[in-house]
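Note sheet for the following structure.
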Amino acid sequence: MRVGVLGGGLQGCCVAIELANRGVDVTIFDKNEALLSRAAIANEGKIHLGYMYAGDPTLSTAKTMMVGALSFAPFLERHLALPAYSFSTSVPATYVVHRDSQHSVEEVSGYLETVHCMVNAATEGKSRAYFGTDLRAPLRTLTAAEREAEFDPEIALAAVSTPEVAINPTALALEIRKCIDDHPKIEVRRNSTVIGAEKETVSISVRIESPNGRQQSSFDHVVNALWDGRFALNETLGYRANRPWLHRLKYGVSFRLPSNAIPPPSSTFVSGPFGEVVTYRDGIVYLTWYPECLQAISADVTPPDWQTYPLEPLRSRIASGTLRALSEIVPTLRELNVESLPEITVKGGAIVAWGKTDIYDPNSELHCRFEIGVTSDERFHFVDPGKLTMAPYFAEICADRIRPVH
Ligand SMILES: Cc1cc2nc3c(=O)[nH]c(=O)nc-3n(C[C@H](O)[C@H](O)[C@H](O)COP(=O)(O)OP(=O)(O)OC[C@H]3O[C@@H](n4cnc5c(N)ncnc54)[C@H](O)[C@@H]3O)c2cc1C
């Protein structure tokens with residue numbers, strides 16, 4: 001059986017690896033020169049256990065995320081033959097309630113406790129599934145003195161330490177690319193823009209534009225994992241979503257912590273348009289602050305071809321604005337000089353989600369992120385990973401649906 005996987009981000013690569021290791025011949029198409037060159041490497045890699053989503057009182061988002069999170073490291077261990085402890089992960093995140101939060105301290109604290117109970121229940125029988133971390137330890141609210149030592153207490157109304165970590169997406173991309181390059185069952189067609197697909201009697205054909213001109217290839221099954229290109233490709237096969245969506249262009253800033261600097265606490269500011277500090281154990285720090293980093297929104301079928309690495313002067317504006325905003329809350333960041341930070345990189349990409357209004361609106365659908373996953377119509381499958389966290393889990397679901405069709 002031959003399967004065409006459209007898009008070589010984390011979702012497409014996970015589908016390809018899962019299928020190839022089940023004995024299927026896979027061809028990945030990506031418009032870029034390298035795999036994992038868009039949203040997959042532009043994010044902070046938080047492997048969500050659900051603590052972020054106090055804006056979804058049904059808890060459906062939290063439940064969805066924790067299923068994905070508990071599948072993430074096992075998938076990598078299985079397919080990359082790497083033990084969980086060898087992944088470059090972050091210091092666990094402290095959740096901090098911002099004074100302008102859309103939910104009160106009591107609401108957020110209650111939500112975190114509820115989610116943590118659910119995480120514990122979900123971990124039954126797979127206690128080491130989350131990067132080898134023991135998730136059973138209770139959440140801990142920082143004392144006032146501890147909170148004052150780490151954050152500006154006027155802004156940080158409460159702080160709760162959680163076991164949630166992020167995986168360095170650049171390090172992850174290197175491992176995945178290596179696995180794919182070495183895999184005898186996976187062919188990669190780089191610089192190949194997918195422009196359409198058609199159903200044929202016993203196959204699906206895909207139209208591609210590459211430096212060699214237009215080409216067509218037929219497959220037994222096709223998986224659309226194009227992320228921000230997904231809606232456009234689906235339309236060529238007649239599928240149109242019957243609800244509003246938004247593509248949001250969001251950036252983040254990463255750098256190597258100078259050797260004499262104090263590592264900032266990994267912290268996630270909730271609930272609303274705030275941001276995060278992620279301190280990886282390999283010395284990289286990632287910052288994002290929504291008002292500075294959110295640079296564009298599009299409700300079009302195809303969003304503009306947003307740049308992963310913004311040009312000057314936008315690049316410097318995002319870097320200095322983000323560091324300035326987060327320094328107001330995290331005192332250790334005040335010691336850093338944006339002009340001299342080693343390996344400083346501003347990178348970003350599209351976030352695709354159902355919704356009509358931005359997250360400044362407490363009722364925005366963007367606060368609920370559980371309506372994601374794999375949709376299949378015989379030989380054609382499209383995947384909305386929603387989050388990096390979900391990609392390995394949805395890859396397995398997608399692979400389970402790919403069987404010979406008679
Ligand atoms: C700033 C930022 C922070 C984020 N933080 C987190 C986080 O902490 N945790 C989390 O779980 N998620 C996070 N996300 C979301 C996460 O990055 C995405 O959900 C996930 O990466 C999307 O799946 P993907 O990796 O397959 O997408 P992509 O990497 O965008 O892959 C899609 C691929 O398709 C290719 N492509 C697109 N159109 C075409 C076409 N027509 N023809 C050929 N190729 C095409 C692209 O080149 C690309 O390689 C964040 C996103 C951003 C932007």
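The values are calculated or read from the model by the stated rules, or taken from the named source; none is laboratory data. On a predicted model such as this, the values are computed, not experimentally measured, just so you know. Glycine gets a Cβ as well: all are built from the backbone with ideal geometry, and neighbour counts include every protein chain shown.
Here the condition is being surrounded by fewer than 19 Cβ atoms within 10 Å (Cβ to Cβ), hydrophobic (A, V, I, L, M, F, W, C) and over 29 Å from P265 (Cα atoms); of I297, I344, it holds for I297 alone. Looking across segment 213-264 at every residue that is hydrophobic (A, V, I, L, M, F, W, C) and part of a strand (DSSP E or B), the one that is surrounded by the fewest Cβ atoms within 10 Å (Cβ to Cβ) is identified as W245.
For (1) in contact with a Pro (Cβ under 8 Å, 6 or more places away or on another chain); (2) assigned to a loop (DSSP other than H, G, I, E, B); (3) in contact (Cβ under 8 Å) with a residue 40 or more places away in the chain; (4) more than 30 Å from V97 (Cβ to Cβ), each residue gets a yes or a no:
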{"position": "Q11", "(1), (2), (3), (4)": "yes, no, yes, yes"}
{"position": "N32", "(1), (2), (3), (4)": "no, yes, yes, yes"}
{"position": "T61", "(1), (2), (3), (4)": "no, no, yes, no"}
{"position": "S71", "(1), (2), (3), (4)": "yes, no, yes, no"}
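Return a yes/no flag: does segment 106-115 have any residue that is buried (at least 24 other Cβ atoms within 10 Å of the Cβ) and within 16 Å of the ligand (Cβ to nearest atom). Yes, segment 106-115 has at least one match. When segment 201-210 is limited to residues that are at pLDDT 95 or above and away from the ligand (no atom under 13 Å from the Cβ), the one that is surrounded by the fewest Cβ atoms within 10 Å (Cβ to Cβ) turns out to be S205. Within segment 86-133, the set of residues being among the charged types (D, E, K, R) and either without any contact (Cβ under 8 Å) to a residue 24 or more places away in the chain or at positive phi (or both) comprises E106, E124.
Among the residues of segment 17-28, the ones that are touching a strand residue (DSSP E or B) at 6+ places or on another chain (Cβ under 9 Å) and either more than 11 Å from the ligand (Cβ to nearest atom) or closer than 19 Å to V352 by Cβ (or both) come to 7 in all. Number of residues in segment 82-104 that are surrounded by 15 or more Cβ atoms within 10 Å (Cβ to Cβ) and outside any loop (DSSP other than H, G, I, E, B): the value is 8.
More than 10 Å from the ligand (Cβ to nearest atom), of a type in the set (A, V, I, L, M) and in contact with a His (Cβ under 6 Å, 6 or more places away or on another chain): which single residue out of V277, V270, V223, V285 fits that description? Every option except V223 fails the conditions. Selection of strands (runs of 3 or more DSSP E) fully inside segment 338-394 by the criterion of at least 3 residues being over 29 Å from G196 (Cβ atoms) and either within 14 Å of the ligand (Cβ to nearest atom) or out of contact with any strand residue (DSSP E or B) (no Cβ under 8 Å at 6 or more places or on another chain) (or both) returns 345-354. When you go through (1) modelled with pLDDT of 95 or more; (2) in the same structural domain as L233 (by TED's automatic domain parsing); (3) more than 15 Å from the ligand (Cβ to nearest atom) one by one for L157, which number turns out not to apply? So L157 meets the others, but not (2). Conditions first: (1) touching a strand residue (DSSP E or B) at 6+ places or on another chain (Cβ under 6 Å); (2) closer than 22 Å to T64 by Cβ. H103 passes all but one, so which condition is the exception? Tallying (1) touching a strand residue (DSSP E or B) at 6+ places or on another chain (Cβ under 6 Å); (2) closer than 22 Å to T64 by Cβ, H103 fails exactly one: (1). If the condition is being outside any loop (DSSP other than H, G, I, E, B), more than 14 Å from the ligand (Cβ to nearest atom) and in contact with a strand residue (DSSP E or B) (Cβ under 6 Å, 6 or more places away or on another chain), then segment 175-200 contributes I186, E187, E198.
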